[in-house]
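Nothing in this text is a laboratory measurement; each read-out follows from the coordinates by a stated rule. Because the structure is a prediction, the values reported are computed rather than measured. Glycine gets a Cβ as well: all are built from the backbone with ideal geometry, and neighbour counts include every protein chain shown.
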Amino acid sequence: MSTDKTRTLVFCDDSAHPASLTRDGLAALGETGLALDWVEDPAAWRSESLDSYPLVIFSKANNRSQREHEPWADEDTGRAFADHVAAGNGILVLHSGTALYGNSPSLCKLMGGIFTGHPPQCAVTVEPLSGHPLTAGSAAFTLKDEHYMMEMNDPDVDLFLHTDSQHGRQPAGWARTEGKGRVGVLTPGHNPEVWRHPSFQALLRNCIAWCNPNDNSGE
């Protein structure tokens, strides 16, 4: 692995998920080999800046911010992300990053599956697929969370994680490729306790490494 940190652009903060959820959740991992730049209110953000970032972490629903709930992304935005990944970069989509992007078919296709809703918070069991490289160091655990209901649009995703609750079983973690780049998705994580759980931290670390084009340990 290179000693240089990978420049990483992190999108966070939406109507139901404060920026602190993502900031504190990633900080809890300790050293990740990433140099993080943050976008909370994307009003002044321009897609041309993606060229500077081999890795994007997408932890933001399609709301401008906690206080301003109008969409910030459209189909042009989605195409910019899809083109960026296809050129050989990586994107890791976390929890609310899968939500409310129906106005951007390119972004929905890039993710491989999108959020359709969730019941009230309940006990959710996170079940990693045994023996998969992206679940190394993790084990099943149960915590109170939003149980995300997902609609998959790519039948060829590499599914390595499920979630179970009284509301059924859902895909919760998968990997796919887009052109020369890589896409990872993890849907648990409404509450800080999930982000701080050792098994979820292992999943995060593995997915970051796999999506990072500068990290050979993710291969």
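Summed over region 1-46, residues that are among the small types (Gly, Ala, Ser), in contact (Cβ under 8 Å) with a residue 40 or more places away in the chain and part of a loop (DSSP other than H, G, I, E, B) total 5.
Please determine whether any residue of region 101-110 is touching a residue at least 60 places away in the same chain (Cβ under 8 Å), not in a strand (DSSP E or B) and not polar (S, T, N, Q).
At the first step, the residues of region 101-110 found to be touching a residue at least 60 places away in the same chain (Cβ under 8 Å) are 110.
Among the residues that remain, those that are also not in a strand (DSSP E or B) are: 110.
Filter once more, keeping what is not polar (S, T, N, Q): 110.
Checking region 101-110: at least one residue is touching a residue at least 60 places away in the same chain (Cβ under 8 Å), not in a strand (DSSP E or B) and not polar (S, T, N, Q).
Restricting region 16-44 to residues that are more than 17 Å from the chain's Cα centre (by Cα) and surrounded by 16 or more Cβ atoms within 10 Å (Cβ to Cβ), the residue that is farthest from Pro198 (Cα to Cα) is Pro42.
For region 149-176, filtered to residues that are among the small types (Gly, Ala, Ser) and over 18 Å from the mean Cα position of the chain (by Cα), the residue that is farthest from Ala123 (Cα to Cα) is Gly168. Exactly one residue out of Gly137, Gly131, Gly113 is among the small types (Gly, Ala, Ser) and crowded, with 22+ Cβ neighbours inside 10 Å, and it is Gly113.
Here is a check on your reading of the model: is Ser138 part of a loop (DSSP other than H, G, I, E, B), under 29 Å from Thr6 (Cβ atoms) and under 18 Å from the mean Cα position of the chain (by Cα)?
On the way: part of a loop (DSSP other than H, G, I, E, B): yes; under 29 Å from Thr6 (Cβ atoms): yes; under 18 Å from the mean Cα position of the chain (by Cα): yes.
Yes.
Scan region 165-189 for residues that are in a loop (DSSP other than H, G, I, E, B) and buried (at least 22 other Cβ atoms within 10 Å of the Cβ) and jot them down.
Listed by number, the residues that qualify are Thr187, Pro188, Gly189.
Picking from residues in region 68-93 that are closer than 18 Å to Thr6 by Cα and β-branched (Val, Ile, Thr), the one that is surrounded by the fewest Cβ atoms within 10 Å (Cβ to Cβ) is Val85.
The set of residues from region 177-201 being more than 23 Å from Gln121 (Cβ to Cβ) and either touching a residue at least 12 places away in the same chain (Cβ under 8 Å) or among the small types (Gly, Ala, Ser) (or both) comprises Glu178, Gly179, Lys180, Gly181, Arg182, Val183, Gly184. Checked against (1) assigned to a strand (DSSP E or B); (2) in contact with a Leu (Cβ under 6 Å, 6 or more places away or on another chain), Ala61 passes all but a single condition, namely (1).
A single entry from Ser96, Ser65, Ser59 fulfils the requirement of being surrounded by fewer than 24 Cβ atoms within 10 Å (Cβ to Cβ) and among the polar types (S, T, N, Q): Ser65. Of the residues making up region 144-164, just one is within 19 Å of Pro133 (Cα to Cα), assigned to a loop (DSSP other than H, G, I, E, B) and either in contact (Cβ under 8 Å) with a residue 24 or more places away in the chain or of a type in the set (Phe, Trp, Tyr) (or both), namely Val157.
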